[in-house]
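The values are calculated or read from the model by the stated rules, or taken from the named source; none is laboratory data. Just so you know, these numbers come straight off a predicted model, no measurement behind them. In this analysis, Cβ positions are derived from the backbone assuming ideal geometry, glycine residues included, and neighbour counts consider all displayed protein chains.
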Amino acid sequence: MGFTVRFRMMKSEEVPIDVPREQFLAFDAQDPLAEVRERFVLADELIYLDGNSLGALPKAVAGRLAHTVEQEWGVRLVRSWNDPWIDLWRSAGGKIARLIGARGEDVAVADSVSVNLFKLLASGLDLRPNRRVVLIDDSDFPTDRYVADGLCNLLGDRVTLRRAKGDLRRALDDDVAIVLSSHASYLTGALADMRAVTHAVHEAGALMLWDLSHTAGVVDIDLSGCDVDFAVGCGYKYLSGGPGAPSFLYVAPRLQDEARTPLQGWLGHEDIFAFADHYRPAPGVERFQCGTWPVLSLSALDEALDVFEALDMAAIRAKSQALSARFLELIEPLIDRHGITVTTPIEPQDRGSQISLSHPDGYAVIRALIERGVIGDFRMPDIMRFGFAPLYVRFVDVWDAAAALTDVLDSGSYRAERFRARTKVT
Ligand SMILES: *Cc1c(COP(=O)(O)O)cnc(C)c1O
């Protein structure tokens, strides 16, 4: 609270950056998405640059959850399974589909990203029985690497894990069954060329699984246009589904009849209430359901996704690129002055919606910023991440964040002892 107000009242010669704040207020005045922020619970003075870790809360979610708890659960009890709970995943999946270039019926909301990675990697291996390699990006998000490793261990001699450093395409050969990569890196924000990589993977006879955790809701994705085989993505980051929200998965229509899941749960059965002796997969992506979904979390996600209704992904992407580009411009003088490295690609088309800066004291700098109401986060070994969720981050937030960062670094205030101790969650 203190700090924005302080900048507002500062005389221009005291402000740590020389671009006027008014210019950024003017950008907000012209922003076609400016009003979307009103649909989120966000204190006016809070500068929230961590929507890439936990998306802000849409205002409508509290009422929806109250209704789900009090009426659907409290009053209608088990009758709510027929309406609306049994089809809730389809509803949420349909809303996500529009954001990622898929048909509604090709997306299932289910489980966590980790669990869906397991299901789809196994499915890809099953579709390529004569190939024995799972190829991953060695710098990918830990869970993606761990799950692929665990699956390969489980399958023993049948499969080996290959970890590519640098361009995945150079590690392709005709042993590779399936390739897993994040669309945008959680660490650097670098955006992969979905079309070109998918094409190269297909040329090599393999299947492609994209992790959209850092792009769903901020990058205009075209899964069907890029002929992607499989995808997963996170519900609690830019989609604002809430802490621990279920994730989503996509299977190309041309694979849906053959693709099998190793987690053959009853809710993926063709006839759930037949209680049949044997498992028969449901048609389409429904077979990738496993057990009972968390109705409360799924209701929150389903409601949150309505914020995207009527918004154009191209406009969202354009604002995201503009926000991160302005931030880079404002912090540019800090690069030499404080030995910062920009680890995100400089060209807007080559990045997702975050800027990552590395600095030896990155952890302490982030703690100092958080104390001033500027919320970013820190990732090992020395990366400060600033995520720009275009639905609720204002241009003036970019200015305020850059000014705070400049002040924290120039004054050395981050060196205070209280910013050193590691918290459990960074
Ligand atoms: C956030 C994220 C996940 C999250 O996985 P969960 O199992 O849903 O917690 C997975 N992969 C990537 C790349 C992520 O960014």
Please specify each residue of the range 93-142 satisfying the condition of being in a loop (DSSP other than H, G, I, E, B) and either within 16 Å of the ligand (Cβ to nearest atom) or on the phi > 0 side of the Ramachandran plot (or both). G101, A110, D111, S112, D138, S139, D140, F141
Go through the range 218-255 and count every residue that is within 16 Å of the chain's Cα centre (by Cα) and free of Cβ contacts under 8 Å to residues at least 12 places away in the same chain. 0
With the requirement that a residue be basic (K, R) and surrounded by fewer than 15 Cβ atoms within 10 Å (Cβ to Cβ), what does the range 143-192 give you? R158, K165, R170
Here the residues within the range 313-337 that are in contact (Cβ under 8 Å) with a residue 40 or more places away in the chain and buried (at least 18 other Cβ atoms within 10 Å of the Cβ) are M313, I316, R317, K319, S320, L323, S324, R326, F327, L330, I331, L334
Looking for something within 18 Å of the chain's Cα centre (by Cα) and surrounded by 14 or more Cβ atoms within 10 Å (Cβ to Cβ) - is there at least one such residue anywhere in the range 27-35? no
Give the range 143-163 a look and list any residue that's under 17 Å from A206 (Cβ atoms) and within 16 Å of the ligand (Cβ to nearest atom), or say none. D144, A148, L151, R163
Looking at Q264 and the list (1) more than 16 Å from the ligand (Cβ to nearest atom); (2) in a loop (DSSP other than H, G, I, E, B); (3) crowded, with 16+ Cβ neighbours inside 10 Å; (4) not hydrophobic (A, V, I, L, M, F, W, C), which single condition is not satisfied? (3)
Of these, E270, E258, E203, which one is surrounded by fewer than 24 Cβ atoms within 10 Å (Cβ to Cβ), over 21 Å from G51 (Cα atoms) and either within 16 Å of the ligand (Cβ to nearest atom) or touching a residue at least 40 places away in the same chain (Cβ under 8 Å) (or both)? E258
Answer from G284, G225 - the residue that is away from the ligand (no atom under 16 Å from the Cβ), assigned by TED's automatic domain parsing to the domain that holds S182 and surrounded by fewer than 15 Cβ atoms within 10 Å (Cβ to Cβ): G225
T215 meets each of (1) within 16 Å of the ligand (Cβ to nearest atom); (2) more than 10 Å from the chain's Cα centre (by Cα); (3) among the polar types (S, T, N, Q) with one exception, condition (2)
Residues that are among the aromatic types (F, W, Y), more than 24 Å from D137 (Cα to Cα) and modelled with pLDDT of 95 or more: does the range 245-256 have at least one? no
List the pairs whose first member sits in the range 276-292 and is within 18 Å of F118 (Cα to Cα), whose second member is modelled with pLDDT under 95, and whose Cβ atoms are under 6 Å apart, counting only residues at least 6 apart or on separate chains? none
Residues of the range 63-91 being among the polar types (S, T, N, Q) and not in a loop (DSSP other than H, G, I, E, B), which ones? T68, Q71, S80, S91
